[in-house]
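Asker: The structure that follows is given in the form of structure tokens.
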Amino acid sequence: MLYRDVCIVGAGPAGLAAAIEAGKAGASVLLVDLNMRPGGQLFKQIHKFFGSSAHHSGTRGCTIGRQLLKEALDSGVEIWLQSTVIGFFPGNKIGIERGADHTEKQIVTVTAKKVIIATGATENAIRFEGWTAPGVMGAGAAQTMINVNHVRPGNKVVMLGSGNVGLIVSYQLMQAGCEVAALVEAAPKIGGYAVHAAKIRRAGVPILLRHTIVAAVKDPDGCVCGCNIAAVDDHFRPVPGTEETIDCDTITIAAGLKPTMDLVKLAGCALTFNPAFGGYVPLHSRRMETSRAGFFVAGDTTGVEEANTALEEGRIAGISAAEDLGLLSSREAGLMRGEIWTRLDSLRFGPFGLRRKTEKERILQAFESEIGTPQALS
Amino acid sequence: MSLIESGYLEWEELMRLQSLPDADRYRKGPVAVIECVQEIPCNPCETACPRNAIRVGSPITSLPKLDADLCVGCGVCVARCPGMAIFIVDQSTSASTARVSFPFEYEPLPKVGEIRQALNRKGEPVCSGKIVNVVNPPLYDRTPVVTVEIPAEFANEVRAVGKEAAYA
Amino acid sequence: MDHRISEHVVLDCTPVGKEVEIIVDGQRIKAYEGEPILSALLAAGHRISRYTVKNKEPRGLYCGIGQCTDCAMTVDGQPNVRTCVTPVRDGMIIKTQHGLGKEV
């Protein structure tokens, strides 16, 4: 049996930031991630981030990822890759499956005094005829292929969805040498930041609002060789007679994300449904603790936002875990959290951020009224 | 149509939402044109400017405001703006031509002297342009800034060039 | 046709691992040690990872981060290997998976 002060699940921005804070405070930290590399989705964010100078603004996501990783390793954090948490057992025992799929896997049990769940989010799917065909993929999947693995998933792409992911990945597909034939969006307005839309418009990508994909056209092997689109009415139903076929070999879906909740549910944390944050999310306190004592959450798992908010929440979770371990005084921890909440408020501000601030407050208040004090699982 | 319906700014919309340099200022030398019109939490342009000509202030969702008299059109903000929404327009070199600088992150990078199609905000070719400068110092963190020379009448329209060299 | 990115303004696309060969359905293809198996397959234009159990429909890259299992293949005799999160080793034998991959 292995013993650690803190076990963190997910080595993205939230998990890394939590690890850094807990590690700096002197905790023994184990960071577990199922992927081949740490960093979560940060390394595929090769664009420069918005934000203030306190939030690495103007710095590329991949650069921030490298800095975080170095900081985590410098804080003495131990990282297990290709490792999947498969169970929480009484006595804060954590079952971890280690090893790649083609190897003999090992089940290791680790006892951790505190657990931080930072498992991120999962891309939503949109179902249309042929959506399971090879060549239809998540926009994030295409982004991973081009920016992390340096391989084009196809040559000619139709993007579905005009949120920031759809806009940014369209741009990055062109940087990787792909052609983006069109961006299709059912809503009457562009969902993401206009500056991201302007970048791809300048590059000649048509943005087809009030349109949707009705089918993927398949070649004899069953792979994508085209995309049928149609205009939609005010109820998002395809308008008969408006169908046209776009020649393409790849269809990427950017239809938003939802928090990855498997482990939160497994841990028995109380949930709430919040559409603004992408679906079910764990109730949590301003210390990022869930209804289950000693179990913390951070990042997109608590509601889909972006890397900077994930990072700040991760710091709070790490600080709170360290505080509960007696490694930071309540005063120190409280001051640190206060500063971070101020920075979070600056990120959840303005026409694009205010709703997230309101919804976050709603979740925090629901925690106060429904949970109050986290309970140990009996 | 507005920006969030089309994805590009019409000149009138830009004039309404941002304060732009006046005609006198354009004739004096290169100057930044800030095409950032949404209140997003972002201020690297403010810290990038070596002459403190760009002000965002607090809250950081405020639109950046340019002091055109302080701006010398150096182009640092062009590379640093995460939204790629700042351009340098220079109408001082000759009466018949103008120069527009913009961020360009595609391969193949243009070469000085090369002719490329000059594109407007919708990506439509409006004229051909001669590449007169390509800069990409470490400070720009891999966002090269390209300057294209075009007929003066297109100074407010051209904001990019095509991805391949053209032959005029 | 090679789908690898060679030139990129932002990224350095120089391969990290050493060049090796893997065998995909009997064909030798170039790969780099340590990259996900799926990357080498896509680079070589190989888009189908498996066929589904009931309807025998093709599947390929979908999530790219080990969550959806659409890219599962049989690797060195082991079925259901998620090729997007499994690194290449020299000489790996990869097979398009049919159903649950029980038949060898």
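The values are calculated or read from the model by the stated rules, or taken from the named source; none is laboratory data. What you see is a predicted model; the values in this text were computed from it and never measured. Virtual Cβ from ideal backbone geometry, glycine too; neighbours counted across all protein chains shown.
Asker: Only one residue in C:21, C:7 is more than 9 Å from chain A (Cβ to nearest Cβ) and either assigned to a strand (DSSP E or B) or under 30 Å from residue B:105 (Cα atoms) (or both). Which one? Please lay out each step first, then the result.
Answerer: Working: C:7 fails: more than 9 Å from chain A (Cβ to nearest Cβ).
Going through C:21, C:7 in turn, the sole match is C:21.
Asker: List pairs: first in the range A:48-73 and more than 23 Å from residue A:169 (Cβ to Cβ) and of a type in the set (S, T, N, Q), second surrounded by 23 or more Cβ atoms within 10 Å (Cβ to Cβ) and at pLDDT below 95, Cβ under 6 Å, 6+ apart or cross-chain?
Answerer: A:52/B:43; A:52/B:60
Asker: Can you tell me which residue within the range B:42-59, out of those that are among the hydrophobic types (A, V, I, L, M, F, W, C) and within 14 Å of chain A (Cβ to nearest Cβ), is farthest from residue B:69 (Cα to Cα)?
Answerer: In the first step, residues of the range B:42-59 are kept if they are among the hydrophobic types (A, V, I, L, M, F, W, C); the result is B:42, B:45, B:48-49, B:53-54, B:56.
When the remaining residues are screened for being within 14 Å of chain A (Cβ to nearest Cβ), the result is B:42, B:45, B:48-49, B:54, B:56.
Numbers: B:42: 23, B:45: 17, B:48: 17, B:49: 13, B:54: 11, B:56: 17 Å.
Step by step, filter the range B:42-59, then rank; the result is B:42.
Asker: If you don't mind, another one. Kindly indicate the residue of the range A:115-150 that is β-branched (Val, Ile, Thr), in contact with a helix residue (DSSP H, G or I) (Cβ under 7 Å, 6 or more places away or on another chain) and assigned to a loop (DSSP other than H, G, I, E, B) and also farthest from residue C:68 (Cα to Cα) among those meeting that condition. Write out each step before concluding.
Answerer: Taking the range A:115-150 first, the residues β-branched (Val, Ile, Thr) are A:115-117, A:119, A:122, A:126, A:132, A:136, A:144, A:146, A:148.
So of that shortlist, the ones also in contact with a helix residue (DSSP H, G or I) (Cβ under 7 Å, 6 or more places away or on another chain) come out as A:116-117, A:119, A:144, A:146, A:148.
In the following step, the residues that additionally are assigned to a loop (DSSP other than H, G, I, E, B) were identified as A:119, A:148.
Details: A:119: 15, A:148: 19 Å.
Top of the filtered list is A:148.
Listed here are the residues, each with its yes/no results for (1) within 14 Å of chain C (Cβ to nearest Cβ); (2) surrounded by 24 or more Cβ atoms within 10 Å (Cβ to Cβ); (3) closer than 30 Å to residue C:78 by Cα.
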site: A:146; (1), (2), (3): yes, yes, yes
site: A:156; (1), (2), (3): yes, no, no
site: A:166; (1), (2), (3): no, yes, no
site: A:188; (1), (2), (3): no, no, no
site: A:194; (1), (2), (3): no, yes, no
site: A:206; (1), (2), (3): no, no, no
site: A:214; (1), (2), (3): no, no, no
site: A:218; (1), (2), (3): yes, no, yes
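Asker: For the range A:245-287, which positions are hydrophobic (A, V, I, L, M, F, W, C) and under 17 Å from the mean Cα position of the chain (by Cα)?
Answerer: Filtering the range A:245-287 down to residues hydrophobic (A, V, I, L, M, F, W, C) leaves A:246, A:248, A:251, A:253-255, A:257, A:261, A:263-264, A:266-267, A:269-271, A:273, A:276-277, A:281, A:283.
The answer is A:253, A:254, A:255, A:257, A:261, A:263, A:264, A:276, A:277, A:281.
Asker: Select from the range B:20-34 the residues that are modelled with pLDDT under 95 and hydrophobic (A, V, I, L, M, F, W, C) and list them in ascending order.
Answerer: Matches in the range B:20-34: B:20, B:23.
Asker: Considering only the range A:325-335, state which residues are buried (at least 20 other Cβ atoms within 10 Å of the Cβ) and in a helix (DSSP H, G or I). Break it down stepwise before answering.
Answerer: Step one: list which residues in the range A:325-335 are buried (at least 20 other Cβ atoms within 10 Å of the Cβ), which gives A:328, A:333.
Across the range A:325-335, the qualifying residue is only A:333.
Asker: Name the single residue, out of those in the range C:76-94 being in contact with a Gly (Cβ under 8 Å, 6 or more places away or on another chain) and in contact (Cβ under 8 Å) with a residue 24 or more places away in the chain, that is surrounded by the fewest Cβ atoms within 10 Å (Cβ to Cβ).
Answerer: The residue in question is C:93.
Asker: Let me ask something additional. Do the conditions hold for residue A:139, that is, is it under 25 Å from residue C:50 (Cα atoms) and facing chain C (nearest Cβ under 9 Å)?
Answerer: Numbers: under 25 Å from residue C:50 (Cα atoms): yes; facing chain C (nearest Cβ under 9 Å): no.
Judged against the criteria, residue A:139 is not a match.
Asker: Follow-up question, since we're still on this one. Could you list, in sequence order, all residues of the range C:38-66 that are crowded, with 22+ Cβ neighbours inside 10 Å, touching a strand residue (DSSP E or B) at 6+ places or on another chain (Cβ under 6 Å) and either in a helix (DSSP H, G or I) or more than 9 Å from chain A (Cβ to nearest Cβ) (or both)?
Answerer: C:39, C:40, C:42, C:43, C:50 - these are the residues of the range C:38-66 that are crowded, with 22+ Cβ neighbours inside 10 Å, touching a strand residue (DSSP E or B) at 6+ places or on another chain (Cβ under 6 Å) and either in a helix (DSSP H, G or I) or more than 9 Å from chain A (Cβ to nearest Cβ) (or both).
Asker: Collect the residues in the range A:239-259 that are part of a loop (DSSP other than H, G, I, E, B) and crowded, with 20+ Cβ neighbours inside 10 Å, keeping them in residue-number order. I'd like the intermediate steps shown before the answer.
Answerer: Filtering the range A:239-259 for residues part of a loop (DSSP other than H, G, I, E, B) gives A:239-243, A:248-249, A:254-256.
Listed by number, the residues that qualify are A:248, A:249, A:254.
Asker: Assess whether residue A:11 counts as being at pLDDT 95 or above, more than 14 Å from chain B (Cβ to nearest Cβ), assigned to a loop (DSSP other than H, G, I, E, B) and out of contact with any Cys (no Cβ under 6 Å at 6 or more places or on another chain). Steps first, please.
Answerer: Details: at pLDDT 95 or above: yes; more than 14 Å from chain B (Cβ to nearest Cβ): yes; assigned to a loop (DSSP other than H, G, I, E, B): yes; out of contact with any Cys (no Cβ under 6 Å at 6 or more places or on another chain): yes.
For residue A:11, the condition - at pLDDT 95 or above, more than 14 Å from chain B (Cβ to nearest Cβ), assigned to a loop (DSSP other than H, G, I, E, B) and out of contact with any Cys (no Cβ under 6 Å at 6 or more places or on another chain) - is met.
Asker: Just the residues that are assigned to a helix (DSSP H, G or I), of a type in the set (Val, Ile, Thr) and touching a residue at least 24 places away in the same chain (Cβ under 8 Å), please, taken from the range A:151-204.
Answerer: Step one: of the range A:151-204, the residues assigned to a helix (DSSP H, G or I) are A:164-175, A:194-202.
Next, only the ones that are of a type in the set (Val, Ile, Thr) stay: A:165, A:168-169, A:195, A:200.
If the condition is that a residue be assigned to a helix (DSSP H, G or I), of a type in the set (Val, Ile, Thr) and touching a residue at least 24 places away in the same chain (Cβ under 8 Å), then A:165, A:168, A:169, A:200 are the ones that fit.
Asker: Taking helices (runs of 4 or more DSSP H) that do not extend beyond the range B:1-41, which have at least 2 residues that are within 14 Å of chain A (Cβ to nearest Cβ) and either within 20 Å of residue B:77 (Cβ to Cβ) or in contact with a Phe, Trp or Tyr (Cβ under 9 Å, 6 or more places away or on another chain) (or both)? So that I can check it myself, show each step before the final result.
Answerer: Values: elements: B:3-6, B:11-17, B:23-28.
Per the criteria, B:11-17.
Asker: Taking residue B:166 as meeting all but one of (1) part of a strand (DSSP E or B); (2) surrounded by fewer than 19 Cβ atoms within 10 Å (Cβ to Cβ), write down the number of the exception.
Answerer: Tallying (1) part of a strand (DSSP E or B); (2) surrounded by fewer than 19 Cβ atoms within 10 Å (Cβ to Cβ), residue B:166 fails exactly one: (1).
Asker: Let me confirm something: among A:123, A:129, which residue is in contact with a Lys or Arg (Cβ under 9 Å, 6 or more places away or on another chain), modelled with pLDDT of 95 or more and of a type in the set (Asp, Glu)? Show your work before the answer.
Answerer: On the way: A:129 fails: in contact with a Lys or Arg (Cβ under 9 Å, 6 or more places away or on another chain).
The match here is A:123.
Asker: Check A:356, A:362, A:343 and return the single one that is surrounded by 14 or more Cβ atoms within 10 Å (Cβ to Cβ), charged (D, E, K, R), in contact (Cβ under 8 Å) with a residue 12 or more places away in the chain and closer than 30 Å to residue A:76 by Cα.
Answerer: Details: A:356 fails: closer than 30 Å to residue A:76 by Cα; A:362 fails: closer than 30 Å to residue A:76 by Cα.
None of the others qualify; the one that does is A:343.
Asker: Look at residue A:118 and say whether it is more than 14 Å from chain C (Cβ to nearest Cβ), under 19 Å from the mean Cα position of the chain (by Cα) and either buried (at least 23 other Cβ atoms within 10 Å of the Cβ) or among the small types (Gly, Ala, Ser) (or both). Steps first, answer last, please.
Answerer: Details: more than 14 Å from chain C (Cβ to nearest Cβ): yes; under 19 Å from the mean Cα position of the chain (by Cα): yes; either buried (at least 23 other Cβ atoms within 10 Å of the Cβ) or among the small types (Gly, Ala, Ser) (or both): yes.
Against the criterion (more than 14 Å from chain C (Cβ to nearest Cβ), under 19 Å from the mean Cα position of the chain (by Cα) and either buried (at least 23 other Cβ atoms within 10 Å of the Cβ) or among the small types (Gly, Ala, Ser) (or both)), residue A:118 qualifies.
Asker: Across the range B:89-108, what is the total count of residues that are among the hydrophobic types (A, V, I, L, M, F, W, C), part of a loop (DSSP other than H, G, I, E, B) and within 12 Å of chain A (Cβ to nearest Cβ)? So that I can check it myself, show each step before the final result.
Answerer: Within the range B:89-108, the first condition is being among the hydrophobic types (A, V, I, L, M, F, W, C), and the residues that meet it are B:89, B:95, B:98, B:100, B:102, B:104.
So of that shortlist, the ones also part of a loop (DSSP other than H, G, I, E, B) come out as B:95, B:104.
Add one more test, that the residue is within 12 Å of chain A (Cβ to nearest Cβ), and what stays is B:104.
Summing the residues that are among the hydrophobic types (A, V, I, L, M, F, W, C), part of a loop (DSSP other than H, G, I, E, B) and within 12 Å of chain A (Cβ to nearest Cβ) in the range B:89-108 gives 1.
Asker: Search the range A:63-105 for residues being within 19 Å of the chain's Cα centre (by Cα) and in a loop (DSSP other than H, G, I, E, B), and hand back the single one that is nearest to the other protein chains (Cβ to nearest Cβ).
Answerer: Ranking the candidates gives A:82 first.
Asker: Restricting to the range A:48-62, and then to whatever is more than 8 Å from chain B (Cβ to nearest Cβ) and out of contact with any Leu (no Cβ under 8 Å at 6 or more places or on another chain), can you tell me which residue is modelled with the highest pLDDT?
Answerer: Applying the first criterion (more than 8 Å from chain B (Cβ to nearest Cβ)) to the range A:48-62 yields A:54-56, A:61-62.
Cutting the leftovers down to out of contact with any Leu (no Cβ under 8 Å at 6 or more places or on another chain) gives us A:54, A:56.
Numbers: A:54: 73, A:56: 81.
So, considering only residues that are more than 8 Å from chain B (Cβ to nearest Cβ) and out of contact with any Leu (no Cβ under 8 Å at 6 or more places or on another chain), the one modelled with the highest pLDDT is A:56.
Asker: With the requirement that a residue be in a loop (DSSP other than H, G, I, E, B), surrounded by fewer than 24 Cβ atoms within 10 Å (Cβ to Cβ) and either of a type in the set (Lys, Arg) or within 13 Å of chain C (Cβ to nearest Cβ) (or both), what does the range A:14-38 give you?
Answerer: A:34, A:35, A:36, A:37
Asker: Here's a follow-up. Scan the range B:31-53 for residues that are crowded, with 24+ Cβ neighbours inside 10 Å and without any contact (Cβ under 8 Å) to a residue 40 or more places away in the chain and jot them down.
Answerer: B:43, B:44
Asker: Follow-up question, since we're still on this one. If I filter the range B:112-136 down to residues being within 14 Å of another protein chain (Cβ to nearest Cβ) and either in contact (Cβ under 8 Å) with a residue 60 or more places away in the chain or closer than 26 Å to residue A:58 by Cα (or both), which single residue comes out as surrounded by the fewest Cβ atoms within 10 Å (Cβ to Cβ)?
Answerer: B:135
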